[in-house]
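*Asks:* Below: one structure in structure tokens.
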Amino acid sequence: MSGHTGGVSTDAAPAAADVRREAARRRTFAIISHPDAGKTTLTEKFLLYGGALTAGAGSVRGKGERRASASDWMEMERRRGISVTSAVVQFSYRDRVLNLLDTPGHGDFSEDTYRVLSAVDAAVMVLDGAKGIEAQTRKLFEVCRNREIPIVTFINKWDRPARDPLELLDEIEDQLVLDPVPVTWPVGEGERFSGLVDRRSRDFVRFARTAGGATVAGEETVDPQRAEAEEGAAWHEAREALELIDAASAELDIKRFEAGELSPVFYGSALTNFGVRLLLDAIVDMAPAPGARLDAAGDPRAVDSPFSAVVFKVQSNTDPAHRDRIAFLRVCSGRFERGMAVAGGDAGKAVSTRYAHTVVGRDRSTAEEAWPGDVIGLVNAAGLRVGDAVHTAGEPVRWPPVPSFAPSSFRVARCSDTSKAKQFRSGVRQLDSEGVVQMLRRPEGGESAPILAAVGPLQFDVAEHRLRHEFGAPVELAPAPWTTARRTDQASAAVLGAMSGVTVAERAEGGELLALFESPYWLARLQADHPELTLERLIGEG
């Protein structure tokens with residue numbers, strides 16, 4: 001991961017200096033977008049520009065002819081042409097180490113995206129130039145705002161017909177209550193899109209198309225006088241818009257960006273690579289390096305503290321031949337070394353670090369060391385759950401809990417082959433620990449007929465597919481009547497359990513009680529008539 005491969009220093013000061021230096025070299029970020037805005041294509045192009053993908057970039061095609069990208073590996077993703085899991089890729093660029101956490105590209109997997117966002121220091125928000133802000137974009141933006149994650153905006157697909165660029169800026173400001181500050185500005189759009197004006201230098205960067213966008217786009221820096229002569233009407237349109245922006249737009253203020261009040265805006269086309277380098281440069285120059293992270297007590301843990309990390313994702317069967325289970329960790333402080341003694345989870349049990357990997361889909365390489373901001377996968381780290389702290393043995397750390405999203409879809413699961421009941425129970429528990437679905441238990445149902453709760457119905461397709469093909473458990477998912485969930489407590493549960501139209505169930509992970517309602521109107525009436533009952537909203541609702 002870095003050039004530092006020697007043993008651990010016995011001198012505390014040089015060791016702390018090493019950690020601070022390596023942390024300063026890291027940029028850990030995610031890409032968020034509405035489905036089909038171009039997130040997966042942009043991920044590929046970042047790898048192309050970072051030298052981690054030398055062939056096949058630009059392979060995202062229309063339905064029926066799309067090849068799987070570097071970060072999409074599940075069979076269902078390949079078949080459907082969408083991202084439904086998150087992935088991690090690491091690459092170098094300009095002497096920096098970039099950790100890119102790709103997120104699910106479908107709204108039904110918002111919970112997985114939320115967990116990924118708990119592990120990053122910045123995000124790139126991708127908008128379709130023809131559609132602007134869409135429902136999933138808005139939802140993910142609010143998650144970033146709640147976590148105070150700085151956002152760089154990339155308005156994509158400018159090589160196709162698009163909306164007025166000034167109108168898109170107004171939409172960002174009005175709908176997201178965020179100051180958009182253009183850093184680049186397009187010259188032309190659709191087939192006329194030829195390049196970008198860099199507002200910082202006022203130079204015009206003209207791009208050359210490459211076959212299928214499979215190689216880095218050629219760039220030529222053109223001074224304004226020559227651009228005016230060669231670009232004609234497109235240049236004049238861009239110049240007039242820039243004059244309006246200069247008069248009305250806020251200046252680029254990095255402190256306001258880091259505070260989540262302002263977003264630098266870049267235009268371009270991930271498919272043709274137009275503007276990708278300028279965006280990647282901005283991540284290096286503007287996105288914050290890893291810093292102190294607040295622990296469960298609200299105290300900042302400095303990056304040069306002893307080793308600690310947070311588990312933000314658990315994934316099983318990335319290698320079906322070995323039935324493995326990987327816990328993905330974001331390093332928060334200190335230096336990780338493979339084989340070091342660490343502990344984790346609520347019980348603080350020893351965790352093996354012998355099989356530490358960097359993972360991209362099914363491709364793995366051994367991780368000998370890692371620094372704050374890096375992501376590693378611990379293979380077969382039994383007992384670790386999302387939100388757990390992993391830390392140097394004998395020096396416990398606790399992080400704030402990672403909350404679950406509000407489920408709005410429910411199914412009752414039953415194994416259709418009683419001889420596979422053990423595999424069924426094991427598979428459902430595993431999918432619950434990974435966050436694929438939430439497993440709820442009723443007193444009368446137990447684990448033989450658990451309730452599966454999800455943010456969206458596509459999660460059930462993934463759960464059923466994996467139960468059948470990975471765990472060998474044929475399953476039937478029966479429709480369920482509930483539409484809304486609220487968090488409750490033991491005292492309220494005793495009252496609610498005696499009412500019609502409501503069911504009380506317990507989360508398999510953590511034992512949290514949820515009241516499930518068949519009608520939001522019945523919920524509203526119950527809240528009005530019985531304000532003493534505990535009925536708390538969950539994250540991600542509405």
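*Asks:* Taking a cut-off of 15 Å between Cα atoms, list the aspartates and glutamates near LYS420, but don't count ones fewer than 8 places away on the same chain.
*Replies:* Of all the aspartates and glutamates, those that pass the test against LYS420 - Cα under 15 Å, at least 8 places apart if same chain - are GLU447, GLU464, GLU470, GLU476.
*Asks:* Using unit Cβ charges (K, R positive; D, E negative) and no other charged atoms, how large, in debye to the nearest 20, is the dipole of the chain about its Cα centre?
*Replies:* 1860
*Asks:* Right, here's the next one. Once you place label points 7 Å from the Cα toward the Cβ at GLU142 and GLU243, how far apart are they in nm?
*Replies:* With each label point 7 Å from Cα toward Cβ, the separation is 4.1 nm.
*Asks:* Over the chain, average the accessible area per residue using a 1.4 Å probe and give it in Å², no decimals.
*Replies:* 41
*Asks:* Under the classification rounded if a/c is under 1.5, otherwise prolate if a/b is larger than b/c and oblate if not, where does segment 242-377 fall, given a ≥ b ≥ c as square roots of the Cα gyration tensor eigenvalues?
*Replies:* Here segment 242-377 falls in the oblate category.
*Asks:* Report, in debye and to the nearest 20, how large the dipole of segment 460-542 comes out about its Cα centre when Lys and Arg carry +1 and Asp and Glu carry -1 on their Cβ.
*Replies:* Once rounded to the nearest 20, the dipole reads 80 debye.
*Asks:* Report the one residue of THR484, GLY275, VAL502 whose Cα lies farthest in the direction of the positive end of the charge dipole of the chain (charges on C-beta: Lys and Arg +1, Asp and Glu -1; origin at the Cα centre).
*Replies:* VAL502
*Asks:* While we're on this one: Relative contact order for the chain using alpha-carbon pairs under 8 Å, separation at least 6, rounded to a whole percent?
*Replies:* Worked out over the chain, it gives 13 percent.
*Asks:* Now a separate question. For LYS157, go through the lysines and keep the ones whose alpha-carbon is under 23 Å away, minus same-chain ones fewer than eight residues off.
*Replies:* LYS39, LYS45, LYS63, LYS131, LYS139
*Asks:* Okay, next question. Considering the values (1) 27.6, 94; (2) 23.3, 71; (3) 24.5, 79, which represents Rg and Dmax of the Cα atoms in Å as calculated for the structure under consideration?
*Replies:* Of the labelled values, this structure produces (3).
*Asks:* With the dipole of the chain worked out from charges on the C-beta (+1 for Lys and Arg, -1 for Asp and Glu) around the Cα centre, which of ILE149, VAL265, SER305 lies farthest toward the positive end?
*Replies:* SER305
*Asks:* May I ask you to rank ILE539, ILE245 by accessible area, largest first, using a 1.4 Å probe over the protein chains only? Intermediate results must be reported in sequence, preceding the final value.
*Replies:* Values: ILE539 60, ILE245 10 Å².
Sorted by accessible area, descending: ILE539, ILE245.
*Asks:* I need to check one value: relative contact order of segment 485-533, counting alpha carbon pairs closer than 8 Å and at least 6 residues apart, in percent.
*Replies:* Relative contact order of segment 485-533: 36 percent.
*Asks:* Give me the net charge for the shell around PHE328: Cβ to Cβ below 14 angstrom, other residues only, Lys and Arg +1, Asp and Glu -1.
*Replies:* Details: positive: ARG115, LYS313, ARG325, ARG330, ARG364, ARG385; negative: ASP102, ASP112, ASP324, ASP374, ASP388, GLU434.
Charge balance in the 14 Å sphere: 0.
*Asks:* Is it possible to state the helix-based mean residue ellipticity at 222 nm for the chain, with each DSSP H run of 4+ residues giving -39500 (n - 2.57), the sum divided by total residues, to the nearest 500 deg cm²/dmol? What is it?
*Replies:* Calculated from helices alone, the mean residue ellipticity at 222 nm is -8000 deg cm²/dmol.
*Asks:* Determine the gain in length on full extension of the stretch GLU470-ARG94; use 0.36 nm per residue of separation and subtract their C-alpha separation, reporting nm with one decimal. Intermediate values should be presented prior to the final figure.
*Replies:* Details: separation 376, 0.36 × 376 = 135.36 nm, distance 4.09 nm.
Between GLU470 and ARG94, full extension yields 131.3 nm more.
*Asks:* Excluding same-chain residues fewer than 8 positions from LYS422, which lysines have a Cα within less than 30 Å of its Cα?
*Replies:* Output for LYS422: LYS313, LYS349.
*Asks:* If you don't mind, another one. Quick one: with all protein chains in place, what share of the accessible area of segment 149-190 is carbon or sulfur, to the nearest percent (1.4 Å probe)?
*Replies:* Carbon and sulfur atoms account for 45 percent of the accessible area of segment 149-190.
The values are calculated or read from the model by the stated rules, or taken from the named source; none is laboratory data. Predicted model only: the values in this text are computed from it and were never measured. As a convention, Cβ positions derive from the backbone with ideal geometry for all residues, glycine included, and neighbour counts pool all protein chains shown. What goes into the accessible areas is simple: the full protein's heavy atoms, side chains included, and nothing from ligands, DNA or RNA. Shrake-Rupley method; radii C 1.70, N 1.55, O 1.52, S 1.80 Å.
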